[in-house]
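Student: Here it is, the structure in full.
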Amino acid sequence: MFAQVLFSGLALGSIYGLVALGFAVVFKATDVFNFAQGMFAVCGAYFAVTAISALDLPFGLAILFMIAACATLGVLAHIFLIQPLAGRSMLAIIMVTIALSIVLRAGIEIFYGPQGRVLTTPLPSGVIRIGDLRISQLHLIAALTSWACMAIFGAFFRFTSVGLLMRATADGHEAALVSGVNVNAMNRLAWAIGAVLAGIGGLFLGQLQIVSPELEAIGLLALPAVVIGGMQSIPGAIIGGLLVGLIAQFAGSYISPKSTDIVIYGLLLLILMVRPWGLLGQRELGRV
Amino acid sequence: MSHDTILSVENLSVGYARKGLALDDVSLTVPRGGIVALLGANGAGKTTLIRAISGLLDHHHGRIESGQVRFDGRVVNALPPHKRIRLGMAQSPEGRLIFKNLTVEDNLLVGAAILPSAKRQDGLDAVYALFPRLKERRGQSAGWMSGGEQQMLALGRALIGRPQLLLVDELSLGLAPLLVRSIYEELKKVRELFGSSMLIVEQNAKLALGFAEQAYVLDRGRIALSGFAADVAASTAIRDSYLGTERVGNEGAHA
């Protein structure tokens, strides 16, 4: 049983890590604690449902549609909600992201109805048996895709010129402005990336369960993941996601299915008390 | 306006939200290839003027109430900072504002991003030739460097695009006088190499007046005095106020 729980914990944790990575990219770039990240994941799942069931697009095109729609959603959120509030208190901006998630949920329920939708994709849904261990192909693909996305975005930030400008913007907005960086464009790009990563995570969550607004609660596990891993750390978000996935599965299997939230948020509280900058975050670097 | 002028500030008034005017009808010109010093006490409006020129007022909730900033013949009031930099302006800001978590070389590469990719290595080489210390430290996180090295980095990041106009705000802040002198020597080389014009904000008036050809003195948002640097240095008003020879104890004298 241990290996089985370990596998599903890692697989789910990879998806949480992906959503958390998107959250961390937005937070690092624009200092916005985006409570709508869970709803962005739900939107991704519904965009996929729309593309596959309503528009009848082939799977590859449907994925592209979902990515484009999520990116647009992120950019619009930044232009119309975040940018006008530049310089306002963090609380005002947090309230706006909470409002955004409520509005998105209501919009989905009006448009698609409150009942869940089944996401039918050509992804394999079989099981690979290795001894006692049953490996769901879908879990495996979700995990591998998540890791591929994390690697691609990691390489993008580390090795490309635009990635460098995004890291510079995250380091300091005014410093980026005086250096000739188009800070607004970089911030929009960060919101697009954040929403796309959430959307891909939402696609897999919807595929593993059923597509409904209730997926938001799972998408929001990205928040404890990011805080545990370290708000300012990109690898921290991924590690935090994996930890949350593992904790959820182990607590669910060995203690009680209802205990997972208690254990996750208990760890969150512990981290905030003893190491508020998170496992991989660092305290403010450098001299003044 | 003359072809020989790279920057002209014309009757500029600037205000910040819920405060009075920070600049009141300020005019100033920087000749092409010239070095101009901008002097004044704390709070006189020097940094506000630099922000109005580089386009950073928005970021500080300030705005131009009237007048204009003309760069290379073109009114740039409405242009965001990144577009002004692409026109050939660059800034070494007050407090340096380097990217603390990036390496020295990455800091410079951010400044080089306005260049076509084939020219970025040349830009790096040119900056490393001016400030060899930056080359030694290129892999280091910028936040861990000394104040002098950070100042060199801020200048290098501004210079890597070979700007036509370099704005330098409070270069000497917190640095040893000897180091400040050597950095100014490098700036002289920059003008010879790149032909850049410069507008220098400096607390140390004596130093700035020795370096610049022309000077303006700001006093509470207005230009109080301007002219050739030597004449400004000789004026009793500036000596009393900023060179610190003898502080006149009459607070109401300017009012």
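Student: Of all residues in segment A:157-168, how many are surrounded by fewer than 18 Cβ atoms within 10 Å (Cβ to Cβ) and either within 8 Å of another protein chain (Cβ to nearest Cβ) or touching a strand residue (DSSP E or B) at 6+ places or on another chain (Cβ under 7 Å) (or both)?
Tutor: Final tally of qualifying residues: 1.
Student: Additional query: Taking segment A:91-105, which residues are surrounded by 18 or more Cβ atoms within 10 Å (Cβ to Cβ) and aliphatic (A, V, I, L, M)?
Tutor: Residues of segment A:91-105 that are surrounded by 18 or more Cβ atoms within 10 Å (Cβ to Cβ), as a first pass: A:93, A:96-97, A:100-101, A:104-105.
Scanning segment A:91-105 gives A:ILE93, A:VAL96, A:LEU100, A:LEU104.
Student: Continuing with this model, one more query. For residues that are charged (D, E, K, R) and buried (at least 23 other Cβ atoms within 10 Å of the Cβ), scanning just segment B:148-173, find the one that is nearest to B:GLY88 (Cα to Cα). Walk me through how you get there before you give the answer.
Tutor: Residues of segment B:148-173 that are charged (D, E, K, R), as a first pass: B:149, B:157, B:162, B:169-170.
If we keep only those that are buried (at least 23 other Cβ atoms within 10 Å of the Cβ) too, we end up with B:157, B:169.
On the way: B:ARG157: 13, B:ASP169: 17 Å.
In this case the residue turns out to be B:ARG157.
Student: Oh, and also: Within segment B:25-33, identify whether any single residue is outside any strand (DSSP E or B), of a type outside the set (S, T, N, Q) and away from chain A (no Cβ under 14 Å), and answer yes or no. Explain how you work it out, then say what you get.
Tutor: The initial filter retains those residues of segment B:25-33 that are outside any strand (DSSP E or B), namely B:32-33.
Still in the running and of a type outside the set (S, T, N, Q): B:32-33.
Next, only the ones that are away from chain A (no Cβ under 14 Å) stay: B:32-33.
Within segment B:25-33 (the criterion being outside any strand (DSSP E or B), of a type outside the set (S, T, N, Q) and away from chain A (no Cβ under 14 Å)), the answer is yes, since at least one residue qualifies.
Student: Same structure, new question: Out of segment B:109-122, which residues are assigned to a helix (DSSP H, G or I) and facing another protein chain (nearest Cβ under 10 Å)?
Tutor: Correct list: B:LEU109, B:VAL110, B:GLY111, B:ALA112, B:SER117, B:ARG120.
Student: Looking at B:ARG18, B:ARG84, which one is more than 24 Å from B:GLU202 (Cβ to Cβ), more than 8 Å from chain A (Cβ to nearest Cβ), of a type outside the set (Ser, Thr, Tyr) and not in a strand (DSSP E or B)? Reasoning before the result, please.
Tutor: On the way: B:ARG84 fails: more than 24 Å from B:GLU202 (Cβ to Cβ).
That would be B:ARG18, the only listed residue that is more than 24 Å from B:GLU202 (Cβ to Cβ), more than 8 Å from chain A (Cβ to nearest Cβ), of a type outside the set (Ser, Thr, Tyr) and not in a strand (DSSP E or B).
Student: Ok, one more. Provide a single number: the residues in segment A:154-181 that are β-branched (Val, Ile, Thr) and more than 17 Å from B:PRO81 (Cβ to Cβ).
Tutor: 2
Student: Under 9 Å between Cβ atoms, which residue pairs at least 6 apart in sequence (or on different chains) link something in segment A:196-217 that is surrounded by fewer than 20 Cβ atoms within 10 Å (Cβ to Cβ) with a partner that is assigned to a loop (DSSP other than H, G, I, E, B) and not aliphatic (A, V, I, L, M)?
Tutor: A:GLN209/A:GLY116; A:ILE210/A:GLY116; A:SER212/A:PRO114; A:SER212/A:GLN115; A:SER212/A:GLY116; A:GLU214/A:GLY116
Student: Looking only at segment B:134-166, which residues are part of a loop (DSSP other than H, G, I, E, B) and of a type in the set (A, V, I, L, M, F, W, C)?
Tutor: Listed by number, the residues that qualify are B:MET145, B:ILE160.
Student: Here's something else I'd like to know. I'm checking my understanding of the structure. Among residues of segment A:169-187 that are under 22 Å from the mean Cα position of the chain (by Cα) and hydrophobic (A, V, I, L, M, F, W, C), which one is farthest from the other protein chains (Cβ to nearest Cβ)?
Tutor: Ranking the candidates gives A:MET186 first.
Student: Additional query: Give just the number: which of (1) within 22 Å of A:ASN184 (Cβ to Cβ); (2) modelled with pLDDT under 95; (3) in a strand (DSSP E or B) does B:LEU39 not satisfy?
Tutor: (1)
Student: Suppose we filter A:MET150, A:MET231 for residues that are at pLDDT below 95, in a loop (DSSP other than H, G, I, E, B) and of a type in the set (A, V, I, L, M, F, W, C); which single one remains?
Tutor: A:MET231
The values are calculated or read from the model by the stated rules, or taken from the named source; none is laboratory data. Please read all numbers here as calculations on a predicted model, not as lab measurements. Methodologically, a virtual Cβ is constructed for each residue, glycine included, from the backbone with ideal geometry; neighbour enumeration extends over all protein chains shown.
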